[in-house]
Amino acid sequence: SDKPTDPWYKTETDIPKDWTQGAGTLTDGKYATQLSDMAGVAYNDVKWIAFMNQFTYAELVTMISSSGSKAVDTIGKPTLNAADGPGQLSRGTFWCCAVNIGSTWDLELAEKQGTAIGNESLFMGITGWWGPGVNIHRSAFGGRNFEYYSQDSVHEGLMVAKIVSGYQSKGGIAYLKHFAIDDMENVRYGCGTFVDEQTIRENYLKAFEYGVKDGGAGAMMASHNRIGCIQDYGNYALTTAIAAKEWGFNGYLQTDMYVGYSRSYSVIRSGVSILMGNMSGDNAVTGAWDATVTRADGGKGAVRDGAADKDGVVPVSYTQWYWVRNAAQRLLYVQANSNVMDNNVDSSVIKDVTLSAAQS
């Protein structure tokens, strides 16, 4: 039911002529261009077009339907392991609460903390860190204030940016959370916050902006609440218009543990890359590739999706194709430059080494 007036609506002219799917040929189970080849390639570089063209549409759907973490053997991408949370890398060192860290006002120390967490993640085989917590202390009754650094958005943002840059210096992916306006823990599923845009930008979003622009965060985790009546992880104005277009965020957004308040259609169109949780049944990412479609610009193929007409013809949906591919590219772009790829160091020479008990 996409409408041409929707900000996420895509037409044939929004699809580059050289986009297609299923163009890759497997040799010994591998595509010609591996994910390691894309390390350091800018997000908007034309090399990404040829790389993404290799995949079938079904493969793109699988990537974003598996929390973006599963291995993709055809491009040499290992499994990505991620762990909670802001105060502790799960099963690792439990740090003093963020309020204490923020109270130091020490940016150098904040960066050292981020680096220490990054080192620990390497020892534990973890790439994604579901942290740091980036919301602010807008209410004394906030159930997770201990995970947030300050009541002041600039103070919070400066601390967060250093922690993120320290963590990601070790190849990890920091997930700023919870994006955004996450003020309460009780009834956080669908709680509606009514707030004006100036307050949103100056208070709630400013720290996230620092984390993206100065910290270079690779990912963000959305919150369960609503801004007004719109679920955060289905909010195009928040995730695409502000984060991607205004801030230049080329990373990916992931929902918090997904409980089904929004369908995959609206979430993907808002600019979120992955729904963490159930993406089957009524919430499955749909569509099928039709290589017989000839586009007006001479391009070949398109995705058909939606309800069939009276003649049984399923319409072409450039919108569905665009946003599914966008979601998959964001995942791969970030992971290509992370320690999930061993930071592009060939460690194959040591994989068969058996350590003695003393060495291990």
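What the table below lists for this structure:
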{"item": "Residues whose placed amide H lies under 5 Å from that of Ile173, excluding near-sequence neighbours", "result": "Gly128, Trp129"}
{"item": "Three-way shape label, the stretch 44-179, alpha-carbon gyration tensor, a/c 1.5", "result": "prolate"}
{"item": "Aspartates and glutamates with Cα under 13 Å of Lys77, excluding same-chain neighbours fewer than 8 positions away", "result": "Asp37, Asp342"}
{"item": "Table column - 3J(HN,Hα) (Hz), the stretch 174-181, Karplus curve with 6.51, -1.76, 1.60, x for Gly and Pro", "result": "8, 10, 4, 8, 9, 8, 8, 6"}
{"item": "Distance histogram for the chain (every C-alpha pair counted, 20 angstrom bins, percent rounded to whole numbers)", "result": "29, 55, 15, 0"}
{"item": "Under the Karplus curve 6.51 cos²θ - 1.76 cosθ + 1.60, θ = phi - 60°, whole-Hz ³J(HN,Hα) for the stretch 23-35, x wherever Gly or Pro sits", "result": "8, x, 10, 7, 10, 6, x, 10, 7, 4, 9, 8, 4"}
{"item": "Surface share of carbon and sulfur [accessible, 1.4 angstrom probe, percent] for the stretch 64-221", "result": "52"}
{"item": "Kirkwood Rh in Å, taken over the stretch 184-240 so that all alpha-carbon pairs contribute", "result": "12.2"}
{"item": "Surface per residue (accessible, 1.4 Å probe) for the chain, Å²", "result": "45"}
{"item": "Segments 99-108, 239-248, 5-14, 157-166 sorted - mean Cβ within 10 Å per residue, highest first", "result": "157-166, 239-248, 99-108, 5-14"}
{"item": "Ellipticity estimate at 222 nm from DSSP helix runs (n ≥ 4, -39,500 (n - 2.57)) divided over the chain, nearest 500", "result": "-7500 deg cm²/dmol"}
{"item": "Shape metrics for the stretch 152-272, restricted to C-alpha atoms - Rg then Dmax, Å", "result": "13.6, 39"}
{"item": "Other-chain or far-sequence residues with amide H under 5 Å of Gly143's (modelled H)", "result": "Glu185, Asn186"}
{"item": "Filter on Lys3/Lys70; Lys70/Lys170; Lys206/Lys245; Lys170/Lys245 - keep pairs with C-alpha separation over 23 Å", "result": "Lys3/Lys70; Lys170/Lys245"}
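The values are calculated or read from the model by the stated rules, or taken from the named source; none is laboratory data. Model, not experiment: these values are computed from the prediction. Don't worry about glycine lacking a Cβ; one is built from the backbone with ideal geometry, like all the others, and counts go over all protein chains shown. We work out accessible area using only protein heavy atoms, side chains counted, and drop any ligands, DNA or RNA first. Shrake-Rupley method; radii C 1.70, N 1.55, O 1.52, S 1.80 Å.
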